Amino acid sequence: MAKSIRVSSLEELDQDRWDAYVLASPLSSIYHLSAWRRVLETSLGHPTYYLYAEQGGELVGILPLVHLRSLLFGSRLISLPGFTYAGVCAHDPNVQAALIREGIEIARSSGASHLELRQSQGYPWALAVKQHRLSMLLELPDSGEKLWQRFSAKLRNQIRKAERQDLLVCQGREDELDSFYQVFSRNMRDLGTPVQGKEFFRATLAAFPHQARIWTVYHDSEPIASGLVLGFKDTLEIPWASSWRKYNSLCANMLLYWKILSFACGAGYRLFDFGRCAPGSGTYRFKEQWGAKPHPLYWYYWLREGESLPAFHPENPKYRLAIKVWKRMPLALSRLIGPLLARDMP
């Protein structure tokens, strides 16, 4: 007889046991680690439901969920908002089904319009699915020199151009946070997107003292390109990066990525995750020139009766006017009110 599957909440489980499962599972991402719960609850104030499944006393699956509730964006249950992947992490289809059923029950009881599961691979689940985004992944050699040889002549020339400029590249953590946020918040305003508050990134650095670091490129002591990277298992990921368009001619962004990629090779990482993007977009082409290959993403949905699939993305004409207005907003004002909006964005 098959052993029954019991789904419970993290409050009943030691966090170390949860994280041990994440570290051992080939299906997990850094966003499955329990430390994100503290980041999301303390810096953004979101209710969370961290579900785990046990079978015969053995931990066999997990599902972290965050409940976003706002008058502007509605009520939705997501694993996990703001990040490319999290979702159900379990091998056994029966365990997957048990975790999803519990997630749906929480969505129903909490009044959420839908449950969204962001997965890095496809499953034969009886749920609606969207494949509107890709992740861009680059396999890394064991040295920066070998990676350099893979680059096109055009790409190498852009990096060399940046190296000839009076640019300084610094690596740090909290000491680079102000510089990172100065560049990141400006670029996001220019793109028409509200940005999380600095405290979110400060909380991320605090939660991941060994996995998170910031790289910044300076010109005349002014930060002009910066990225916050996260390391997990054999992968280095750059979920947040920006450059100041005013200095595009200096190719600072190319130097930033080259320094990070060279570091990743030397540090033993075997995969670099450029993050998600829309197929064929300018961001897609930027990542592709480094040799990154597209990998499909699968976002699954349970929808409350009468609800349709969410279409929350910049290409949606519904948000065209709001994006246009945000691009023209004074930078100081965007930094003040942006975090109030960004905290509830999926």
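The values are calculated or read from the model by the stated rules, or taken from the named source; none is laboratory data. Because the structure is a prediction, the values reported are computed rather than measured. No Cβ is skipped: glycine too gets one built from the backbone with ideal geometry, and neighbour counts run over all protein chains shown.
Table for the structure above
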| item | result |
| --- | --- |
| Residue pairs meeting the criteria (Cβ under 7 Å; at least 6 apart or on separate chains; first closer than 15 Å to Leu80 by Cα, in the stretch 111-124; second of a type in the set (Asp, Glu)) | His114/Glu307 |
| Residue count for the stretch 187-238, restricted to those that are charged (D, E, K, R) and within 17 Å of the chain's Cα centre (by Cα) | 7 |
| Residue in the stretch 1-19 that is farthest from the chain's Cα centre (by Cα), counting only those that are modelled with pLDDT under 90 and assigned to a loop (DSSP other than H, G, I, E, B) | Met1 |
| Count - residues of the stretch 245-263 that are more than 23 Å from the chain's Cα centre (by Cα) and either within 17 Å of Ala212 (Cα to Cα) or hydroxyl-bearing (Ser, Thr, Tyr) (or both) | 2 |
| Any hit, the stretch 63-79, residues being more than 23 Å from the chain's Cα centre (by Cα) and more than 19 Å from Met345 (Cα to Cα) | no |
| Matching residues, the stretch 264-296, being surrounded by 14 or more Cβ atoms within 10 Å (Cβ to Cβ) and aliphatic (A, V, I, L, M) | Ala264, Leu271, Ala278, Ala292 |
| Residues that are within 23 Å of the chain's Cα centre (by Cα) and at pLDDT below 65, drawn from the stretch 306-330 | Phe312, His313, Pro314, Glu315, Asn316, Tyr319 |
| Qualifying positions in the stretch 2-37 - within 18 Å of Thr48 (Cα to Cα) and hydrophobic (A, V, I, L, M, F, W, C) | Val7, Leu10, Leu13, Trp18, Val22, Ile30, Leu33, Ala35, Trp36 |
| Residues of the stretch 35-70 satisfying the condition of being assigned to a helix (DSSP H, G or I) and surrounded by 15 or more Cβ atoms within 10 Å (Cβ to Cβ) | Ala35, Trp36, Arg37, Val39, Leu40, Ser43, Leu44 |
| Residues (in a helix (DSSP H, G or I) and aliphatic (A, V, I, L, M)) located in the stretch 86-113 | Val95, Ala97, Ala98, Leu99, Ile100, Ile104, Ile106, Ala107 |
| Some residue of the stretch 185-199 being assigned to a loop (DSSP other than H, G, I, E, B), under 23 Å from Trp240 (Cα atoms) and among the small types (Gly, Ala, Ser) | yes |
| Subset of the stretch 273-302 (residues that are closer than 19 Å to Ser243 by Cβ and in contact with a Phe, Trp or Tyr (Cβ under 8 Å, 6 or more places away or on another chain)) | Phe274, Cys277, Lys287, Trp290, Ala292 |
| Single match in Ala322, Ala241 (criterion: more than 27 Å from Gln171 (Cβ to Cβ), touching a Gly at 6+ places or on another chain (Cβ under 9 Å) and not assigned by TED's automatic domain parsing to the domain that holds Pro124) | Ala322 |
